[in-house]
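The structure under discussion appears below in the form of structure tokens.
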Amino acid sequence: MNDLIKVRKIVTHVENIFHEGGPPHTEPIKKGAVLIVLENPYAGSYVEDITPMMEALKPIGLDAANQLIELLGGVEQIQSYGKGSIVGEAGELEHGALWHVPGGYAMREALGGALAIVPSAKKVGGIGCRLDIPITHINASYVRSHFDALEVYVQDAPRANELIYGLVMTTGGRTHPRVGGMTVEQISVNDGQR
């Protein structure tokens, strides 16, 4: 493993949602997350060139994406995704932004070339900090039934000199979507937007 990457732990989370008060589904919609807790090599000082870590994170992102896909039942099951990061107090928000390429491109690659931009969120926070990671459809960002979020956290992280990088995927949209807009069946232009 690269000297810049020192993983303390990996946390996985899967929800099986049958209903939210409406008719129960026979097959639940699954929402899952993989959260990687690792040392922030740039914590505590300003470093001009932080891009070496972005390169070093690429295999970590791909491993996490593949792990999450397996947890949710395989590539053909995945309909939505998102990514996020929480930076410990001795770091800076830009250290969270290092996850954009390794996290986003990893999911798109692992899913066989998903088309939509991967939505993201990032923040600086202390131990137990929570983050709402936004979620959209993997091939068309405007599919309204798949606008969602998953709240994630790790109970003992991030420490001041740590980062949490997270990936989220789902096997469907919201459980009982009823607010109209573009549906999965209406996706017609493969540009990741409409």
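The values are calculated or read from the model by the stated rules, or taken from the named source; none is laboratory data. Computed from a predicted model, the values in this text were never measured in an experiment. Every residue, glycine among them, receives a Cβ derived from its backbone with ideal geometry; neighbour counts consider all protein chains shown.
Brief remarks on what is shown
- Residue count, region 1-32 (criterion: assigned to a strand (DSSP E or B) and either among the acidic types (Asp, Glu) or touching a residue at least 24 places away in the same chain (Cβ under 8 Å) (or both)): 14
- Flag if ALA43 is surrounded by 20 or more Cβ atoms within 10 Å (Cβ to Cβ), in a loop (DSSP other than H, G, I, E, B) and not hydroxyl-bearing (Ser, Thr, Tyr): yes
- Scanning region 105-126 for residues that are of a type in the set (A, V, I, L, M) and within 22 Å of VAL189 (Cβ to Cβ) yields MET107, LEU111, ALA114, LEU115, ALA116, ILE117, VAL118.
- Restricting the search to strands (runs of 3 or more DSSP E) fully inside region 113-194 and requiring at least 1 residues that are of a type in the set (Lys, Arg) gives 120-124.
- Matching residues, region 65-88, being in a loop (DSSP other than H, G, I, E, B) and either buried (at least 16 other Cβ atoms within 10 Å of the Cβ) or at pLDDT below 95 (or both): LEU72, ILE78, GLN79, GLY88
- Pairs where the first residue, in region 153-175, is hydrophobic (A, V, I, L, M, F, W, C) and the second is crowded, with 22+ Cβ neighbours inside 10 Å and in a loop (DSSP other than H, G, I, E, B), C-beta under 7 Å, 6+ apart: ALA160/GLY88; LEU163/ASN40; LEU163/GLY88; LEU163/GLY91; ILE164/PRO158; MET169/ILE78
- Residue list for region 109-131, restricted to those being touching a residue at least 24 places away in the same chain (Cβ under 8 Å) and of a type in the set (D, E, K, R): GLU109, LYS122, LYS123
- Single residue of region 84-98 satisfying the filter (closer than 13 Å to VAL37 by Cβ and of a type outside the set (Gly, Ala, Ser)) that is nearest to the chain's Cα centre (by Cα): ILE86
- Restricting ILE133, ILE117 to those that are touching a Gly at 6+ places or on another chain (Cβ under 8 Å), aliphatic (A, V, I, L, M) and over 21 Å from GLU15 (Cα atoms) reduces the list to ILE117.
- Tally, over region 154-193, of residues that are of a type in the set (Ser, Thr, Tyr) and either surrounded by fewer than 19 Cβ atoms within 10 Å (Cβ to Cβ) or touching an Asp or Glu at 6+ places or on another chain (Cβ under 8 Å) (or both): 4
- ALA116 being closer than 13 Å to MET169 by Cβ and modelled with pLDDT under 95: yes
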